[in-house]
């Protein structure tokens, strides 16, 4: 960008107040940035730093009941937008500024066809409808969706997450806006799909001559996409500049933390287990020779929906013929894309879904156990779920939630449980006095710590962690992963660690199994799987990770923006 | 689809059989003796016994029920004790009036409830919202015969705009339909409001606004169809509530429908008519639910897929 041409979008002193019971509270404080023509600017930061607020303020989609723009100037192509009435502003949406949201699963109207929603975008404000159907098909064509003509008549639920996000992008670009705002557009997607969507956005920026304001917490995505980056923290931009400068010479602690939080693929090259955190005196995890495996799985299969009167057979199994075992104190990383059967496997080994095959937890075979015989097994095997918001009862205090497993299994009296809760809270680095708080008073990371404490209450030997850090921001995620490793060292826990995130699996695992379509396509030590992958699918997963944290190498598309520095 | 429909119809038949059994037991177990009432005040024990024999009331209860079911299978609802006419004929003559009243009543409640509910949701926490919610609360809580008398007093007696009672012209239908509809309108206004408030916060509504659509289009094209999905199921269930109101409203306004027929029959312990009206009402409820279930996949493509 040369300094001579005026920027396409110039934001100055943008300030937003939130209406709280205690009066106005400043949540966005004097944001300044510019976006040049055909430039990509990334707004990076943790959740709560004000990135999405900035985007919604640009679109004027802030919920008026709770937030208020207190001041600032937004100039698009030289026109001041801040003072415009809603009536004057509305035609700009979609035509000049368009937006793609984070959640492709919920951002499309479930009762309208894809075609109807696209055509609506095309003629949102204009008479220039013309051949709207043809243009809708072209728009789908542009986002490289398979069989675009057929998609027009389909409903959102018939499309995968990646396809829905393509439709969202097609809708946003339908009227060739000058600025495309993308708010975490790939966070909810699988890693291979994420790579495709990012590549698509780069291609479209070139083809449509659109400027992109990309919001993300993932510095890997920033490295892939940005020309310039602005790092936000607590409602302010703390650092901004060309992406190479910021990555090579980060000035602010926030930036360094964000950069450090992305677990780099290959960072543990040449080592066998996860990095040890504690001093070398940590107690050895395998005390005796040939310990009883924490988990043995042999020929495990799960078929959903079988056994109904009217649909006998003819159903593909969700999991087929899966075998693995897990030693005490070790972590098996189970990796694959959504729908690969990894979560189902996790549920089956805890006896939460009906299965066929052999599963033994701590030496006890659980197939065919009655609920009563299963109960002692449940003490030894616990689960941590993905969504720390949904997996805590909002009307139960943190202490009660953690004590609940103890109460269910009739362990200890009230006072003993209270002591145990305090101890568990300290274990997960939360102050014991927080036991009386309710879930909504905790942040996402703290809630996941509560879930971990709850899982630890019964002193299990095995913990199934199903995408347990996927909903967390990069920096928070790094701290929770550290906590899990620490607990493993101290308590000798075995983890079945389920994730779609290759970098996280690399960081956590001793052994890795890669799942696809219900089967394990490759398994072995972490070193084997990550350094010498044998299966092409494993290689595809590894290649798809946007982990080139120094944007020095050629970006993964290769042909669009060859990008090297001296 | 055809299989689902067949299963649902079989289920409906079972429900009706159950309703017939329960009503039969309740009515024939009544302490009131219809034979004594028909025979008159001066009847002797012998003449009462004769009437009882004539009506088949001296048979054991299971046999009476079996005979009744056998009649039902042929579409025969029995004969009225008092009017000496086939119950089927009596109901058929009264049914059109009740259907007119129901259609008008449901029309009032849906139209009023939807409009007020949507307005309240769009103007959430403002004066209009509070007014609608207060009014709907009044509508839900007020007993129907009081509402009916109030409406009669104001619009018929004082203002003289509408007839007091009777049947035949559209003007006659206004007050009964309003009385029936106001209760439901209160319910619907509250349900539509909460469904809309929920839907208006959804991501796809934000997407629609981000496209630059007008506020009206966002509400009517994107939010409302989604908010209506749970409401449609309610309309089906509502038919049952409605039948209760119909008896009261027809009695107050002298509306010659099956509600009035039932009202008179109850006073005269004319059991076959009460049975007949109950079964017809049950049929209406079952059909209403069936229609709502059949409509759901038409409105929601996610259900259609299965």
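What does the helix-only formula give at 222 nm for chain A: each DSSP H stretch with n ≥ 4 adding -39500 (n - 2.57), the total divided by the residues, and the result rounded to the nearest 500 deg cm²/dmol?
One gets -9500 deg cm²/dmol as the mean residue ellipticity at 222 nm.
By how many degrees, between 0 and 90 and to the nearest 10, does the Cα long axis of helix A:191-208 differ from the longest principal axis of chain A?
0 degrees
Of the listed peptides A:401-414, A:96-109, what is their order by residue-averaged count of other C-beta atoms within 10 Å, with the highest listed first?
Values: A:401-414: 15.5, A:96-109: 23.6.
Ranked from most to least packed, the peptides come out as A:96-109, A:401-414.
May I ask for the angle, rounded to the nearest 10°, between helix A:132-142 and the longest principal axis of chain A, with both axes built from Cα atoms and the value confined to 0 to 90°?
60 degrees
Work out Dmax and Rg for region B:1-76 from the C-alpha atoms and quote the Rg first, both in angstrom.
Reported Rg and Dmax, both Å: 17.4, 61.
Can you give the translational diffusion coefficient of region B:94-303 in µm²/s, computed by Stokes-Einstein from the Kirkwood radius over Cα pairs at 25 °C and 0.890 mPa s?
132 µm²/s
Average the reciprocal distances over every distinct pair of alpha-carbons in chain A, invert the result, and give the Kirkwood radius in Å.
25.7 Å
What are the radius of gyration and Dmax of region A:112-176, computed over its Cα atoms and given in Å?
10.6, 32
Give me the log10 of I(q) over I(0) for region B:135-188 at q = 0.29 Å⁻¹, as the Debye formula computes it from C-alpha points; what are the numbers?
-1.09
Rounded to whole Å and sorted largest first, list the principal axis extents of the Cα atoms in region B:188-306.
66, 35, 18
Is it possible to state the helix-based mean residue ellipticity at 222 nm for chain B, with each DSSP H run of 4+ residues giving -39500 (n - 2.57), the sum divided by total residues, to the nearest 500 deg cm²/dmol? What is it?
-25000 deg cm²/dmol
Treating the angle as unsigned and between 0 and 90°, give the value, to the nearest 10°, between the Cα long axis of helix B:87-122 and the longest Cα principal axis of chain B.
For B:87-122 against chain B, the angle is about 20 degrees.
Rounded to two decimals, what is the ratio between the C-alpha radius of gyration of region B:38-108 and 2.2 N^0.38 Å?
Relative to the 2.2 N^0.38 Å estimate, region B:38-108 comes out at 1.54.
Viscosity 1.306 mPa s, temperature 10 °C: give me the Stokes-Einstein translational D for region A:367-453 in µm²/s, with Rh taken as the Kirkwood radius over C-alpha pairs.
116 µm²/s
Values in this text are rule-based calculations from the coordinates and carry no lab data. In this text the structure is predicted, and so the values were computed from the model without any measurement. Here the Cβ is made from the backbone with ideal geometry for all residues, glycine too, and neighbour counts use every protein chain on show.
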